[in-house]
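Where a number appears in this text, it was derived from the coordinates with a stated rule and is not lab data. Since this is a predicted model, take the numbers as computed values, not measurements.
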Amino acid sequence: MTAVFVAMVLSAGVGVGVASSLAAYAQRNWTKPAEVQAQEA
């Protein structure tokens, strides 16, 4: 049971890492509308 839990946590961590790196890549390569940037500021 512990091994299953550890595997779930590891796969979730990998998924979060991939998602965050994809998001950073998309932000670098995609210019947002000015109104979206103003809301985030």
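Fully extending the segment from residue 7 to residue 20 would add 2.7 nm, taking 0.36 nm per residue of separation and subtracting the current Cα-Cα distance. Our coupling estimate for segment 8-14, obtained by passing each phi through the Karplus curve with A = 6.51, B = -1.76, C = 1.60 and θ = phi - 60°, is 5, 5, 5, 5, 5, x, 5 Hz, Gly and Pro reported as x.
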